[in-house]
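The values are calculated or read from the model by the stated rules, or taken from the named source; none is laboratory data. All values reported here derive from a predicted model rather than from experimental measurement. In this analysis, Cβ positions are derived from the backbone assuming ideal geometry, glycine residues included, and neighbour counts consider all displayed protein chains. The protein model used for the area step is the full one, side chains on, heavy atoms only, and it has no ligands, DNA or RNA in it. Shrake-Rupley method; radii C 1.70, N 1.55, O 1.52, S 1.80 Å.
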Amino acid sequence: IGGSVAPVASSSPGVVAAAAVPPGKGGTRAGAAGRCVFARSFRQSHKLLLCGNTFAVGGGVVVEDQPDVSAVLSAYNQQGDPTLYEEYYSGLKNFIECSLDCHRAELSQLFYPLFVHMYLELVYNQHESEAKSFFERFHGDQECYYQDDLRVLSSLTKKEHMKGNETMLDFRTSKFVLRISRDSYQLLKRHLQEKQNNQIWNIVQEHLYIDIFDGMPRSKQQIDAMVGSLAGEAKREANKAKVFFGLLKEPEFDVPLDDEDEEGENEEGKPKKKKPKRDSVGSKSKKQDPNAPPQNRIPLPELKDSDKLDKVMNMKEAARRVRLGPECLPSICFYTFLNAYQGLTAVDITDDSSMIVGGFADSTVRVWSVTPKKLRSVKAAADLSLIDKESDDVLERIMDEKTASELKILYGHSGPVYGTSFSPDRNYLLSCSEDGTVRLWSLQTFTCLVGYKGHNYPVWDTQFSPYGYYFVSGGHDRVARLWATDHYQPLRIFAGHLADVTCTRFHPNSNYIATGSADRTVRLWDVLNGNCVRIFTGHKGPIHSLAFSPNGRFLATGATDGRVLLWDIGHGLMVGELKGHTDTIYALRFSRDGEILASGSMDNTVRLWDAVKAFEDLETDDFTTATGHINLPENSQDLLLGTYMTKSTPVVHLHFTRRNLLLAAGAYSSQ
């Protein structure tokens with residue numbers, strides 16, 4: 001069946017669900033995002049077309065004028081006999097349940113989108129009692145992971161609800177995608193045409209996009225792993241674009257040996273052993289990675305002398321790094337925020353583990369020094385003019401000892417602070433808030449330098465690029481924005497999610513950004529042109545944590561469903577599922593060399609997983625990539641290396657120090 005493909009319409013970022021409930025980090029945030037999201041309209045968000053395998057997706061998002069609400073809904077006019085809807089649906093249900101096992105799993109995917117559209121069609125045409133009876137009879141048959149969506153749907157009982165409800169109407173056409181083998185599809189088509197069941201056939205043609213592949217039908221387990229998002233699965237085409245996931249070449253400079261280092265080595269009696277190891281750290285990244293983007297693909301800031309000094313320190317620390325593995329697990333140091341009655345909502349730790357920041361629901365940002373070195377501000381301008389600028393210790397002299405303290409409190413936001421991020425050079429700090437702004441703070445003066453206004457609604461997360469200068473933010477307006485510290489306006493707007501963007505992460509090479517959303521998908525965006533290059537579906541709840549592996553090849557994602565999913569970025573495939581947590585996963589972090597993945601959850605545990613084993617022997621042949629037939633290992637317990645309970649502290653943040661000590665943070669909750 002041929003079919004023309006409609007351009008993807010995108011609303012302006014201003015079109016969003018009414019107001020967000022300002023949720024706390026204790027799981028309510030997920031709930032609020034999830035609820036206000038649902039089928040912001042199942043109608044347009046699942047306008048699915050039927051085309052064979054020849055569908056090609058254009059690069060960006062085509063922006064059109066917003067269609068009139070009534071025009072969008074008018075497709076529900078072509079109705080059949082309202083009294084027969086239950087008969088149509090149960091007829092199809094019986095047919096699918098009686099078909100062969102191999103087809104049944106695939107065709108069962110039709111139940112949910114058809115149920116929603118038939119219900120909405122009845123409501124739109126004002127057959128309220130039939131709609132109610134249809135809903136009550138069949139809503140129990142839907143998969144458990146659609147329960148929240150169905151709760152929202154059950155409240156739409158009148159045509160007026162649909163018209164005024166932006167939650168119901170998503171102006172971004174995204175097509176509910178079903179991935180079905182050609183054999184199963186032919187079976188369905190033959191059945192519907194023989195029965196002359198036009199009502200269902202119309203809905204299939206009008207609202208569904210069926211992505212047909214040649215080959216074996218998928219099993220129930222394979223389908224269950226991939227479905228569950230607001231708009232069905234991703235089209236296979238969506239994950240075909242080339243992604244440069246390799247790392248950029250590090251600048252070359254020598255690592256000088258300190259006297260102190262030499263003494264230390266002599267004491268151990270093995271003076272020569274460390275030196276070759278340190279050289280290898282310097283030379284490790286000298287060879288260009290074949291999968292890396294061109295060095296100048298996006299402009300990155302030049303290294304300052306202080307950055308080079310920091311890199312040297314980093315290499316020295318790396319030489320003393322503990323090699324982790326199943327036999328050598330990291331020690332974990334837990335920072336518990338006690339009496340945090342202000343409500344801890346965000347945490348970040350500097351790369352060198354010297355400072356920790358907390359964002360709180362009382363709109364404050366608090367920065368602590370976790371080393372003996374206290375936090376000091378720069379002296380006043382009058383005092384600075386007296387300092388000899390040529391002296392070696394000028395950076396020490398400009399600091400005002402009178403201001404030294406372990407804690408600095410930053411005031412400026414007018415709502416809970418949901419995200420914080422230190423710049424790599426530790427000179428700046430970002431915070432984002434329910435008040436719709438992202439603020440940039442100086443860690444020299446502990447004052448606010450800029451307030452970035454672009455989101456009109458709560459901003460859920462923000463993060464600095466690993467190279468500094470650029471940062472990303474994501475919020476309730478369903479878009480992520482890329483900023484540069486010296487630009488007042490965003491440089492890129494990443495539009496495509498159907499619900500709140502709940503978390504954001506830069507790829508280690510800074511050319512890509514991953515976003516997780518309450519629409520239960522993860523998207524990977526190209527910073528250069530703003531295109532979406534990967535869509536990952538499989539989570540059954542809003543996504544709250546993302547982590548790239550240090551080599552840039554893999555992505556780990558965690559959500560309210562308590563599962564950690566692992567993705568191969570190059571092939572665009574799910575390659576693992578880690579089950580064990582019983583609540584939302586708010587923190588994910590790979591160890592410095594990528595051997596271990598740590599996950600932290602609202603269930604008050606930190607879990608350690610064997611990342612090497614999870615990623616070895618991957619089936620990423622062409623067939624798997626083409627059909628999405630993924631075979632996940634039945635049991636993820638053999639990848640679990642350890643579970644560490646806190647007394648009653650949900651884990652909000654994880655961080656590996658440069659020597660692979662694991663730092664965790666959260667606020668003690670007395671309930």
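Using a 1.4 angstrom probe on heavy atoms only, work out the carbon and sulfur share of the accessible area of region 333-446 in %.
Carbon plus sulfur share of accessible area: 52 percent.
Of the accessible area of region 80-233, with the probe set at 1.4 angstrom, what percent is carbon plus sulfur?
47 percent
On the Cα set of region 553-604, report Rg and Dmax in Å, please.
11.1, 34
Between their Cα atoms, which of K316/K374; K453/K579; K304/K402; K93/K240 are more than 27 Å away from each other?
K453/K579; K304/K402; K93/K240
If K402, K159 are ordered by their accessible area, calculated over protein heavy atoms with a 1.4 Å probe, which sequence runs from highest to lowest?
K402, K159
Given a Förster distance of 51 Å, report the FRET efficiency between Q288 and Q186 from their Cβ-Cβ distance, rounded to the nearest 0.05.
The calculated FRET efficiency here is 0.55.
Find the accessible area per residue for region 80-233; the probe is 1.4 Å, ligands and nucleic acids are left out, and the unit is Å².
Result: 40 Å² per residue.
Can you bin every Cα-Cα distance in region 103-145 into 10 Å intervals starting at zero and give me the percent of pairs per bin, rounded to whole numbers?
Spelled out per bin, shortest first, that is 27, 50, 19, 3.
If you average 1/r over every pair of different alpha-carbon atoms in region 80-233 and take one over that average, what Kirkwood value in Å do you get?
Radius from the Kirkwood sum: 16.2 Å.
Given points 7 Å out from each Cα along the Cα-Cβ axis, report the A404 to D638 separation in nanometres with one decimal.
Placing both labels 7 Å along Cα→Cβ, they lie 5.6 nm apart.
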